[in-house]
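For reference, the structure is listed below as structure tokens.
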Amino acid sequence: MRTSNHAKALFSLAKEQNKIDKLHYEFESFKDEIENQSTWIVMMDSPMVPLSEKVKKIDELAYDVLFLSFLKTLAEKSQMSNLPEIYAQWTKLVRSYLKIAHVNVISAHKLTKDMEMKVLKAVQPTFPNHEVSLHLHVDKTLIGGLLIIYQGQALDRTIARELEELYQMI
């Protein structure tokens with residue numbers, strides 16, 4: 001619950017200040033940087049480190065003032081370890097606002113550009129007024145077909161699923 005409130009608060013302020021694109025880029029960049037530095041997050045959530053030292057470390061970062069204030073709030077509330085969940089909520093809000101549908105497409109083999117365009121053409125009518133962004137993944141355990149996932153909902157058209165449906169019909 002808290003993570004979604006933090007994401008909503010940041011989104012609201014970013015929208016109000018017309019900084020959604022900038023903060024989205026900075027948030028993504030920051031998330032990528034700290035994924036390899038788990039000690040930084042532990043330090044920011046540690047009650048043993050004074051808040052003034054945490055604020056000093058955050059001020060050393062080269063980000064927008066709004067994003068730095070957001071990080072300071074997380075440090076003050078010892079919520080820095082929730083950053084991955086907050087980022088996921090933030091990303092959903094930004095994608096919805098920018099009208100971008102990020103669709104995961106999983107296949108047994110790398111799709112050709114022609115197949116990618118066919119999938120995009122087939123999926124696009126499902127998302128009117130949205131730009132569809134396909135994220136292609138290869139899963140060698142699939143026999144064939146496609147698994148299309150959008151926000152946790154899946155359209156399973158893999159050969160394994162088709163065979164399972166056929167088996168159930170018999």
Report summary line: Taking Cα atoms only, helix 65-76 is inclined relative to the longest principal axis of the chain by an angle, in degrees rounded to 10, of 80
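Scanning the chain for GluC sites (Glu not before Pro) in DSSP loops with at most 15 other Cβ atoms within 10 Å, what's the longest stretch left with none?
Details: sites that count: E35, E60.
The longest such stretch corresponds to 61-170.
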**Report entry** Sequence-distant residues sharing a close amide H with T158 (under 5 Å, placed H)
**Finding:** L146
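Keeping all protein chains in place and using 1.4 angstrom, which order do T3, T126, T158, T141 fall into by accessible surface area, from largest down?
Values: T3 30, T126 95, T158 10, T141 115 Å².
Of T3, T126, T158, T141, the descending order of accessible area is T141, T126, T3, T158.
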Query raised in the report: Got a sec? Which residues in the range 119-142 would a label at L98 touch, if it sits 7 Å along Cα→Cβ and we count backbone N under 17 Å?
Result: 129-136
Requested in this report: Could you provide, to the nearest whole Å², the per residue accessible area of the chain with probe 1.4 Å?
Outcome: 65
Query raised in the report: So how many Å³ per residue does the convex hull of the Cα atoms of the range 1-84 work out to?
Result: 84
Query raised in the report: Among the lysines, which have Cα under 24 Å from the Cα of K110 when same-chain residues fewer than 8 positions away are ignored?
Result: K118, K121, K140
Query - Net charge contributed by nearby residues that have their C-beta within less than 15 Å of S69 (K/R +1, D/E -1) - result: +1
Report summary line: The correct ranking of W90, W40 by accessible area at 1.4 Å, largest first, is W40, W90
Requested in this report: Evaluate E = 1/(1 + (r/R0)^6) for Q124 and V65, where r is the Cβ-Cβ distance and R0 equals 45 Å; express this FRET efficiency to the nearest 0.05.
Outcome: 0.70
Report summary line: P(r) over all Cα-Cα pairs of the range 58-111, 5 Å bins from 0 to the longest distance, whole percent per bin, short to long, reads 4, 15, 16, 19, 15, 12, 8, 5, 5, 1
Query raised in the report: What are the ³J(HN,Hα) values, in whole Hz, obtained from phi via the Karplus relation 6.51 cos²θ - 1.76 cosθ + 1.60 with θ = phi - 60°, for each residue of the range 110-117 in sequence order, with x given for Gly and Pro?
Result: 4, 6, 6, 4, 5, 5, 4, 5
Query raised in the report: In the Gaussian network model of the chain, springs joining C-alpha atoms below 10 Å, which of M43, M115, M80 carries the largest mean-square fluctuation?
Result: M115
Report summary line: The summed charge of the L98 Cβ neighbourhood (under 15 Å; Lys/Arg +1, Asp/Glu -1) stands at +3
Query - Reachable lysines, given that their alpha-carbon falls under 20 Å from the alpha-carbon of K22 and they are not under 8 places away in the same chain - result: K8, K31, K72, K92, K99
Requested in this report: Using percent of Cα pairs over 29 Å apart as the read-out, say which of (1) 20; (2) 39; (3) 36 was calculated from these coordinates.
Outcome: (2)
**Report entry** Cα centroid of the range 111-170 to Cα centroid of the range 50-95, whole Å
**Finding:** 36
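Local charge sum around D156 (other residues, Cβ-Cβ under 11 Å, Lys/Arg +1, Asp/Glu -1)?
Values: positive: R157, R161; negative: E162, E164, E165.
Once all neighbours under 11 Å are counted, the net charge is -1.
Expected output is a single nm value to one decimal: the length gained when fully extending between M115 and S52, i.e. 0.36 nm times separation in residues minus the C-alpha distance. What is it? Please report the intermediate quantities before stating the final value.
Numbers: separation 63, 0.36 × 63 = 22.68 nm, distance 5.47 nm.
Net length gain for the segment: 17.2 nm.
The values are calculated or read from the model by the stated rules, or taken from the named source; none is laboratory data. Just so we're clear, the structure is a prediction, and the values are computed from it rather than from any experiment. Virtual Cβ from ideal backbone geometry, glycine too; neighbours counted across all protein chains shown. These accessible areas exclude ligands, DNA and RNA; they are computed on the full protein's heavy atoms, side chains included. Shrake-Rupley method; radii C 1.70, N 1.55, O 1.52, S 1.80 Å.
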